[in-house]
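Nothing in this text is a laboratory measurement; each read-out follows from the coordinates by a stated rule. Remember, predicted model here, so these are calculated numbers, not experimental data. Counting neighbours? That spans all protein chains shown, and the Cβs are built from the backbone with ideal geometry, glycine included.
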Amino acid sequence: MLNKAEYCRNEVKSFIAWKGMTMTEAVKLLADEHGWSSSVPNLSGNLRHGSLRNTEAVELADVLGYDLVWQKRRETM
């Protein structure tokens, strides 16, 4: 069973792949559009350690063409 950091890392990598991009291409877009470091190991390390900040997650979603939305959970009966 995956821990939260591993699950999130796999999710992010899946979204990058679904977009038809490599990690290198995603990091280049992040550097160009949001001033991130152009180092793939920096992004990989943040994902591996579960240390991606919320603002970074929003910017990553942006370059992949997504919006992150906080949604209230539905009450279960």
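What are the residues in the range 17-41 that are buried (at least 16 other Cβ atoms within 10 Å of the Cβ) and either within 12 Å of the chain's Cα centre (by Cα) or charged (D, E, K, R) (or both), if any? Give the derivation first.
Pass one, the range 17-41, residues buried (at least 16 other Cβ atoms within 10 Å of the Cβ): 21, 23, 26-30, 36.
Within the range 17-41, 23, 26, 27, 28, 30 qualify.
Taking the conditions exactly as written (touching a helix residue (DSSP H, G or I) at 6+ places or on another chain (Cβ under 9 Å), among the basic types (Lys, Arg), within 19 Å of residue 69 (Cα to Cα) and loosely packed, with under 14 Cβ neighbours inside 10 Å), does residue 9 satisfy them or not? Steps first, answer last, please.
Numbers: touching a helix residue (DSSP H, G or I) at 6+ places or on another chain (Cβ under 9 Å): yes; among the basic types (Lys, Arg): yes; within 19 Å of residue 69 (Cα to Cα): yes; loosely packed, with under 14 Cβ neighbours inside 10 Å: no.
Against the criterion (touching a helix residue (DSSP H, G or I) at 6+ places or on another chain (Cβ under 9 Å), among the basic types (Lys, Arg), within 19 Å of residue 69 (Cα to Cα) and loosely packed, with under 14 Cβ neighbours inside 10 Å), residue 9 does not qualify.
State all residues of the range 31-42 that are part of a loop (DSSP other than H, G, I, E, B), touching a residue at least 12 places away in the same chain (Cβ under 8 Å) and not hydrophobic (A, V, I, L, M, F, W, C); if no residue qualifies, say none. Don't jump to the end; show me each part of the working.
Taking the range 31-42 first, the residues part of a loop (DSSP other than H, G, I, E, B) are 35-39.
In the following step, the residues that additionally are touching a residue at least 12 places away in the same chain (Cβ under 8 Å) were identified as 36, 39.
Selection gives 39 alone.
Which of the following residues is surrounded by 12 or more Cβ atoms within 10 Å (Cβ to Cβ) and of a type in the set (S, T, N, Q): 14, 44? Spell out the reasoning first.
Details: 14 fails: surrounded by 12 or more Cβ atoms within 10 Å (Cβ to Cβ).
Going through 14, 44 in turn, the sole match is 44.
For the range 20-30, check the following and say yes or no: at least one residue is free of Cβ contacts under 8 Å to residues at least 60 places away in the same chain, hydroxyl-bearing (Ser, Thr, Tyr) and touching a helix residue (DSSP H, G or I) at 6+ places or on another chain (Cβ under 8 Å).
Taking the range 20-30 first, the residues free of Cβ contacts under 8 Å to residues at least 60 places away in the same chain are 20-30.
From what is left, the residues that are hydroxyl-bearing (Ser, Thr, Tyr) are 22, 24.
Retained after the next criterion (residues that are touching a helix residue (DSSP H, G or I) at 6+ places or on another chain (Cβ under 8 Å)): 22, 24.
Yes, that holds for at least one residue.
Can you work out which of the residues in the range 43-77 that are of a type in the set (D, E, K, R) and part of a loop (DSSP other than H, G, I, E, B) is farthest from residue 6 (Cα to Cα)? First the steps, then the outcome.
First, pick out the residues of the range 43-77 that are of a type in the set (D, E, K, R): 48, 53, 56, 59, 62, 67, 72-75.
Among the residues that remain, those that are also part of a loop (DSSP other than H, G, I, E, B) are: 53, 67, 72-75.
On the way: 53: 15, 67: 21, 72: 24, 73: 23, 74: 26, 75: 28 Å.
Here the residue is 75.
Considering the range 62-77 alone, what residues qualify as being without any contact (Cβ under 8 Å) to a residue 40 or more places away in the chain and under 21 Å from residue 21 (Cβ atoms)? Working first, answer last.
Taking the range 62-77 as the starting set, the residues that turn out to be without any contact (Cβ under 8 Å) to a residue 40 or more places away in the chain are 62-63, 67-77.
If the condition is that a residue be without any contact (Cβ under 8 Å) to a residue 40 or more places away in the chain and under 21 Å from residue 21 (Cβ atoms), then 62, 63, 67, 68 are the ones that fit.
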